[in-house]
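Step one of this worksheet: look at the structure below.
The values are calculated or read from the model by the stated rules, or taken from the named source; none is laboratory data. Given the structure is predicted, the values throughout are model-derived calculations rather than measurements. No Cβ is skipped: glycine too gets one built from the backbone with ideal geometry, and neighbour counts run over all protein chains shown. Areas reflect the complete protein model, heavy atoms only, side chains present, ligands, DNA and RNA absent. Shrake-Rupley method; radii C 1.70, N 1.55, O 1.52, S 1.80 Å.
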Amino acid sequence: MSHSHMATSLRLYRFCTHGDLKFCENLSGVFAFRPRKPVSVKCCSADEPPADSSSFGSDFDAKKFRHDLTRSENYNRRGFGLKEETLEFMNQAYTSDIIETLKENRYEYTWGNVTVKLAKAYGFCWGVEQAVRIAFEARKQFPEKKIWITNEIIHNPTVNKHLEEMEVQNLPIDGGKKQFDVVDTDDVVILPAFGASVEEMYVLSKKNVQIVDTTCPWVSKVWNTVEKHKKGDYTSIIHGKYSHEETVATASFAGKYVILKNMKEKRQDAMYNLVDEKLDLVLVVGGWNSSNTSHLQEIAEDRGIPSYWVDTEKRIGPGNKIAYKLMHGELVEKENWLPEGPITIGVTSGASTPDKELDPYLVILLAVLML
């Protein structure tokens, strides 16, 4: 799967653990195996099990529910006709002159004895950009209303801080569960780019609140696939992190499913292309709670290229020091991390990272290496 997709890569398979397996088809990344007799297998996180529509009973039709919800007068997923002025703000806040220079020169540029190579697909994907835009439009459309969001719009502290400054509030969590009782009928609730579970949508529809759905279309496409699996009495294999909100939402539309986390199936093409080149090190920029960004670092490490995953430019300190995170979560510090030039640096960022956030990193690197 291309890096231009959402933060968590979900690969779906129709699968069975009983009887002879026969290869059937290969359509849009969905591999089908037709068993003699399908069985039900479910795997979930112990601390936050993915909800599924079976909790409503066998008569509940998740597809019909979502179809009806999307056509209700209290539902919006296209924005509010404020695209031009919202994009103007986003361009000022999130675009970068340095990145534009790199793009205009085939994603590579040399300053003195420092060469920077940028991954050809990185940062904001189309689905993320659309989600952020619609969320910003919602505040403009409903300036006086209380607005809630069911999860972070994306895994990026800068964007989430902008929404916080706009008084868009996260739903409170108590005992690991979201407290929907704080939402009143007159409120607005934003569903983030990762989507929301069927249960969450159902609760909100019963409250008759205004729902602003920013779910990435690629995520919705995956939901459609697992619904087809359910109709055919298949077991869906969902490739993703067990408790990630995108996985939870997808599982809620499935009938029978297994959730697997296996890095060998990830298809981060742009990053693979970048590490195929001769690089002295790779700088990976993105939020430390971003699943997508951790995978980018792992690809560089697998190739034996020193890689540094940072969430803010403040991690790069004076004296050629850096504090960075390893993919398994450990925070480490390193001295003399930048070798003397000439040097070639690969740069990439997670799908939730705006271009402009790369600016301070590149400025610091150039300032240190060109002294």
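Details
- Estimated from the Cβ-Cβ distance and a Förster radius of 22 angstrom, the FRET efficiency linking Ile343 and Gln92 is about 0.10.
- Each Cα pair under 8 Å and six or more residues apart adds its sequence gap; the mean of these over the residue count of the stretch 208-336 is a relative contact order of 15 percent.
- Heavy-atom accessible surface of the stretch 214-338: percent carbon and sulfur, 1.4 Å: 47 percent
- Modelled this way, with points 7 Å down the Cα-to-C-beta line, the labels at Asp302 and Glu73 are 5.2 nm from one another.
- Extending 7 Å from the Cα toward the beta-carbon at both Phe65 and Lys161 defines two label points whose distance is 3.8 nm.
- Heavy-atom SASA rank of Asp233, Asp355, Asp186 (probe 1.4 Å, accessible area, largest first): Asp186, Asp233, Asp355
- Point-to-point label distance, Lys321-Asn208, nm (Cα→Cβ direction, 7 Å offset): 6.0 nm
- Cross-link pairs beyond the 18 Å C-alpha cut-off, checked among Lys334/Lys356; Lys83/Lys103; Lys178/Lys206; Lys145/Lys207; Lys177/Lys228; Lys228/Lys256: Lys334/Lys356; Lys83/Lys103; Lys177/Lys228
- Stretched out straight at 0.36 nm per residue, the stretch from Trp126 to Thr101 would grow longer than its current Cα-Cα span by 6.9 nm.
- Calculated FRET value between Lys146 and Lys228, using beta carbons and R₀ = 35 Å, to 0.05: 0.40
- For the stretch 227-371: accessible area per residue (Å², 1.4 Å): 42 Å²
- The gain in end-to-end length when the Ile364 to Asp276 segment is fully stretched comes to 29.1 nm, 0.36 nm per residue minus the alpha carbon separation.
- Each peptide in 283-289, 97-103 gets a packing score, the mean of other Cβ atoms within 10 Å over its residues, and the list from highest to lowest is 283-289, 97-103.
- Packing rank of 139-146, 120-127, where each peptide gets the mean count of other beta carbons within 10 Å, highest leading: 120-127, 139-146
- Listed by chain and number, the aspartates and glutamates placed with their C-alpha closer than 19 angstrom to that of Lys64 are Asp52, Glu73, Glu199, Glu200, Asp213, Glu227, Asp233; residues fewer than eight positions away on the same chain are left out.
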